[in-house]
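Undergrad: The structure under discussion is supplied below as C-alpha cells; questions concerning it will follow.
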Amino acid sequence: MLPGLEPGPSGRKAPLKEGRMARSLVIVESPAKAKTINKFLGKGFVVKASMGHVRDLPKKTLGVDEKTFTPTYVALPEKKKTLTELKKAAKDAGAIFLAADPDREGEAICWHLKEELSKDTDVEFRRVLFNEITKKAILAAFENPREIDANKVDAQQARRILDRLRRLQDQPAAVGQGSPRTVRRRASRASPSGSSSSASERSKRSSRESTGR
C-alpha cells in the first residue's frame, strides 16, 4: 500500500486525512509536473520540484581524486534555497519518493537528492518511474516503487568525471590544475570503471554499516 493511502469504500484506495500521519514527500524535476502530480496523488502527498540537479563537481577545483577518481560534489550555489526547502519538507515527511525523469541523468539526480536529504532524516527513500503524466501512469508507478539504479548512477558519474578531465585539457588554469600535459595524463588514466568508490559500492558499504557487518 502506498504511504499516504488507505483502503476506501469498495476497496478503493483513498488519501489519508490530514493530521492522521505524516504526508509523503515526492520530488520531481519541474514545478509544472509537481502541480499536476499532486492533483493525482491527493492530500496524503506533498510534491516539490528540484529544478534539475542540486549538486555537481565544484567549479573552481578539480573535484576528482587523482588516484581513485572519486568525485567530490558540492551543492550548486543557485540551488541552495531549493535544497533548503527540500530538506525542511523531508524532515516532516513519512516517506520520500524520488521521481526525476526516467533516464541516466534523472537517476543521478535522485541519488544526489538522497545523499543530501538523508543527512537530516532516516525515513525510507524510494524511486518511482513513469513515462507519461497521466493519473493511470502516476498511480501505477507509485504502486511499484523501487530502489535507485546504482549502475545508471555510476555511468552518469563516469561520464561527468571524464567530461571534467577532458575539459581541463584545454583549460587547466581555470581550476589551477597545472599544465595541459599533467591534465592529459590524468584524463588518460580515467575510465568508467576506474572509480574505487562507485554509487553501488557506497550503497553496499552503507548497508553493511547499518547492519553492523
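Undergrad: Quick one: order LEU162, LEU25 by neighbouring beta-carbon count within 10 Å, fewest to most.
TA: On the way: LEU162 17, LEU25 26.
Lowest count first: LEU162, LEU25.
Undergrad: Once amide H atoms are built 1.01 Å from N in the peptide plane, which residues 5 or more positions from VAL47, or in another chain, come under 5 Å H to H?
TA: VAL26
Undergrad: Can you sort LYS80, LYS152 from fewest to most other Cβ atoms within 10 Å of each residue's own Cβ? Before the final figure, lay out each step's value.
TA: Working: LYS80 11, LYS152 19.
Least crowded to most crowded, the residues run LYS80, LYS152.
Undergrad: Can you list the residues, at least 5 places off or on another chain, whose amide H is less than 5 Å from the amide H of GLY94, using H built in the peptide plane?
TA: The answer is ARG23, SER24, LEU25.
Undergrad: Neighbour counts of other C-beta atoms within 10 Å: give me ARG164, ARG146 arranged from fewest to most. Walk me through the numbers on the way to the answer.
TA: Working: ARG164 21, ARG146 10.
If I rank by nearby Cβ atoms, fewest first, I get ARG146, ARG164.
A short reminder: the numbers here are calculations on the coordinates, not readings from a lab. Since this is a predicted model, take the numbers as computed values, not measurements. Reconstructed Cβ throughout: ideal geometry from the backbone, glycine too, with neighbour counts over all protein chains shown.
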